[in-house]
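Novice: Have a look at this one before I ask anything.
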Ligand SMILES: NC(=O)c1ccc[n+]([C@@H]2O[C@H](COP(=O)([O-])OP(=O)(O)OC[C@H]3O[C@@H](n4cnc5c(N)ncnc54)[C@H](OP(=O)(O)O)[C@@H]3O)[C@@H](O)[C@H]2O)c1
């Protein structure tokens, strides 16, 4: 049995997700959504994203993918490649009774995880900043939009934003002969 893989990402209207290994916007509403989608679950992230956060986040497990065997921060699990990180996250999700394995970035890890991803929980942030890391629009052939909620900027949000959920369409199993 495998637990669904769920990419969680905040993307500007122009596809930018980061600059100088940092988040670009202040958006408390999105941080709250991120928290609700990750609490109690084993998150998978790249080493650069981990370093931009700087510590394990409370209430969830962190699995950091890195090729550096010496990178062993306290309070996180590490894996030497993405397949190993996902396998470990699946094990931990089953042990925790978690409903999903969140993949939380950054660009490099999203790109590699996309073929295995079942769900994408995307926050479209309505701005067009300069950046150095991007996330592509989900391919409509592979992913169906299953939910959309638009929000004006709240008191602690720099921009308005839209939460959009995507689910992978059933995988094409090819022609069947009978
Ligand atoms: N807007 C959002 O939702 C969001 C979310 C997360 C991050 N971000 C942004 O994204 C940016 C960081 O993304 P990034 O693409 O530069 O880096 P990243 O994906 O966070 O991390 C890349 C690192 O992960 C490790 N890695 C990746 N693939 C691997 C593999 N197959 N096997 C082993 N290790 C692997 C490598 O670490 P080693 O070099 O240690 O080997 C690699 O250098 C930042 O600006 C951050 O703020 C945005």
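Each reported figure results from applying straightforward, stated rules to the coordinates on display, with no laboratory input. Note that the structure is a prediction, hence the values are computed from the model and not measured. Here Cβ is always computed from backbone atoms with ideal geometry, including for glycine, and neighbour counts include all displayed protein chains.
Novice: Please state the shape class of the chain: rounded when a/c is under 1.5, otherwise prolate if a/b exceeds b/c and oblate if not, all from the C-alpha gyration tensor. Spell out each step's value before the answer.
Specialist: Working: a/c = 1.56, a/b = 1.06, b/c = 1.47.
Oblate.
Novice: Within a 10 angstrom radius of the beta carbon, how do 133, 162, 146 rank from fewest other beta carbons to most?
Specialist: 146, 162, 133
Novice: Let me have the relative contact order for the chain, percent, based on Cα pairs under 8 Å that are six or more residues apart.
Specialist: The normalised contact order for the chain reaches 32 percent.
Novice: Now a separate question. Let me have the 222 nm mean residue ellipticity of the chain computed from DSSP H runs of 4+ only, each contributing -39500 (n - 2.57), with the sum over all residues rounded to the nearest 500.
Specialist: About -6500 deg cm²/dmol.
Novice: Taking the beta-carbon count within 10 Å as an exposure proxy, list 28, 33 from fewest neighbours to most.
Specialist: 28, 33
Novice: Please arrange 163, 143 by counting, for each residue, the other beta carbons lying within 10 Å of its beta carbon, fewest first. Show your work: numbers first, answer last.
Specialist: Details: 163 17, 143 20.
With the sparsest Cβ surroundings first, the list reads 163, 143.
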